[in-house]
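Q: Structure incoming, see below.
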Amino acid sequence: MKNNKKREKSQKIRLPKPVGIGIFYAVCLIVAIIVLTHNNPLAPDQDTENLKKFCACALLLLACIIFGVYYDRLLILPKELIQSRELIWKLSKNDFKKRYAGSYLGFVWALVQPVVTVVMYYIVFDKVFQTRSQLVASGVEVPYVLHLTAGLVPWFFFSEAITNGTNALLEYSYLVKKVVFNISILPIIKLIAATFIHVFFVAVLLVVAAFYGYYPTIYTIQVVYYSFCLFMLVLAMSYCTCAIVVFFKDLAQIINIALQVGMWATPILWNINMLSDPKIITLFKLNPLVYIVNGYRNAIYGNEWFFEHFYSSTYFWIFTVTLFCIGSLIFKRLKVHFADVL
């Protein structure tokens, strides 16, 4: 009886397809106009400015095409996640607890490896190779360990979340084979479980910053915004990878290699201002993680708002929304075959 009432209520508040598509197109048009008319006084040259505008408009056009053609399919996944929010939260806590069940130190082991990694990089790059002097030359005057930690904290979450999200269907294969279970919630369960550890490392980052005299300010609240950006980016990627890895197991190994390369392709151990060619800098900024890493640093010690980086923010969200649409379509298309393969 209750389920019928909920179903009737959801049907009443359902947005008609023409209205939904019209609203989405209107938003995209407004964003496109803002992008085309906005002039960044800090742009290195007009060619770079035009390239950013072209990329943003191209992604907007792609998003409009995908949304218009696959409107009904794209709304299925968000609805399923909203309807199963209580179950998602419960399973996320259970996933986090069982991961370290049976060990004496429990979840402490999840903290040891990243902390050791930070210390190791700090000793090698700051004490041995004197990277600190190079950062000062590129305009970074904060302690290297703070600069390093602010970059590694979001990277640790990204690395763990994308790995666990990719393997979500394989790990919970016994649930995939159950007809009555909504398997669409499995990737987000792994991501929320990884978020618990991420919250701890954000706290560690704030402590490190305070130790060097960079106390929390009004800009620090942006950590929440950039954490949400990171979560949505990984979620969009996970729905692509978890569906494909069921049929192509080698994808998991490819992702591990890509993470090793991405560690150096993202300005975590180095500063992007070390690069002298503006076109090379623009090319690196096509990596959405550059926006996240720089955002964490701006929130901790940069004293810059995210909306001050207009093109970077616009590009990131257009990229993420487009990727989420593609991931939703791939997941829904392959979903019916998961139980047969697993």
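Computed from the coordinates by the stated procedures, all read-outs in this text should not be read as laboratory data. Bear in mind the structure is a predicted one, so any value in this text is a computation, not a measurement. Cβ coordinates were reconstructed from backbone atoms using ideal geometry, including for glycine residues, and neighbour counts include every protein chain displayed.
Q: Rounded to the nearest Å, what's the spacing between the alpha carbon centres of the stretch 200-214 and the stretch 47-83? Just the number, please.
A: 36 Å
Q: Here's something else I'd like to know. Taking the Cα centre of the stretch 17-341 as the origin, how large is its charge dipole in debye, to the nearest 20, when only Lys and Arg (+1) and Asp and Glu (-1) carry charge on their Cβ atoms?
A: So the magnitude is around 1020 debye.
Q: For residue 305 and residue 274, compute 0.36 nm times the residue count separating them, minus their Cα-Cα distance, and round to one decimal in nm.
A: 8.9 nm
Q: Could you grab the Rg to Rh ratio for the stretch 176-215? Cα atoms only, Kirkwood for Rh. List each step's numbers first, then the result.
A: Details: Rg = 17.6 Å, Rh = 12.6 Å.
Value, to two decimals: 1.39.
Q: Two decimals is fine: what's Rg over Rh for the stretch 17-341, C-alpha atoms, Kirkwood radius as Rh? Mind showing how you got there, number by number?
A: Working: Rg = 20.8 Å, Rh = 21.3 Å.
Reported Rg/Rh, Kirkwood definition of Rh: 0.97.
Q: Run through the stretch 159-200 and list the trypsin sites (Lys or Arg not before Pro) located in a DSSP loop whose Cβ has at most 15 other Cβ atoms within 10 Å.
A: Details: sites: 177, 178, 190; in loops: 177, 178.
Filter output for the stretch 159-200: 177, 178.
Q: Per-residue counts of other Cβ atoms within 10 Å, averaged by peptide: what ranking do you get for 304-311, 156-163, highest first? Provide the component values of the computation, followed by the final result.
A: Working: 304-311: 15.4, 156-163: 22.0.
Result, highest mean first: 156-163, 304-311.
Q: Measuring from the lowest to the highest alpha carbon on each principal axis, how far does the stretch 176-264 reach, largest first, in angstroms?
A: Principal extents (Cα only, largest first): 53, 34, 17 Å.
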